[in-house]
Amino acid sequence: MPSDRAKIIRRLLSLSDDYDVLGLELEAKPDEIVVHVRLPDCDMSEMRAVKFKQQETGFITVDELMSLQRAGYKRPAAVPPKPQPRDVATLRKRERQQAFAGGPRPYD
């Protein structure tokens with residue numbers, strides 16, 4: 001059986017798989033765990049939306065391009081994809097959501 005300490009450390013190490021973090025430093029001391037998490041200074045869901053819009057339509061507005069540059073990305077292709085969690089239940093839930101997303105299938 002893993003100890004509570006091991007479970008906590010394992011969960012902290014998986015933060016970067018579940019959330020958009022720029023960096024994660026973990027330091028384990030005898031009586032404490034020190035965590036330093038660097039977060040992006042922008043809304044990553046908006047950045048990914050601009051990236052997908054550029055992929056679908058082939059263009060973006062100047063305002064969207066400026067927001068990408070303020071976030072530190074030179075082009076939409078440089079925006080990283082959404083992190084994939086290691087949790088099997090979460091992965092299956094996302095697969096089910098993607099399977100039922102979208103419009104009706106065309107008739108042939």
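The values are calculated or read from the model by the stated rules, or taken from the named source; none is laboratory data. Nothing here was measured: the structure is a model prediction, and the numbers come from that model. Note that each Cβ is placed from the backbone with ideal geometry, even for glycine, and that neighbours are counted across all protein chains shown.
Count of region 59-79 residues, restricted to those that are polar (S, T, N, Q) and exposed (fewer than 12 other Cβ atoms within 10 Å of the Cβ), is 2.
If you check residue 85 against the conditions, is it modelled with pLDDT under 85 and under 15 Å from residue 42 (Cβ atoms)? So residue 85 fails the test. Pairing each residue of region 3-26 that is in the same structural domain as residue 84 (by TED's automatic domain parsing) and part of a helix (DSSP H, G or I) with any residue that is loosely packed, with under 13 Cβ neighbours inside 10 Å and at pLDDT below 85, provided the two are 6+ apart or on different chains, yields no C-beta distance under 8 Å. Of the residues making up region 30-58, those that are closer than 19 Å to residue 9 by Cβ and surrounded by 12 or more Cβ atoms within 10 Å (Cβ to Cβ) are 33, 35, 37. Under the condition of being on the phi > 0 side of the Ramachandran plot and assigned to a helix (DSSP H, G or I), the residues counted in region 70-95 number 0. Listed by first and then second residue, the pairs linking a residue in region 49-69 that is touching a residue at least 24 places away in the same chain (Cβ under 8 Å) to a residue that is not in a helix (DSSP H, G or I), with Cβ atoms under 7 Å apart and 6 or more places separating them unless they lie on different chains, are 50/60; 51/79. When restricted to residues that are loosely packed, with under 12 Cβ neighbours inside 10 Å and within 19 Å of residue 90 (Cβ to Cβ), region 5-29 contains 3.
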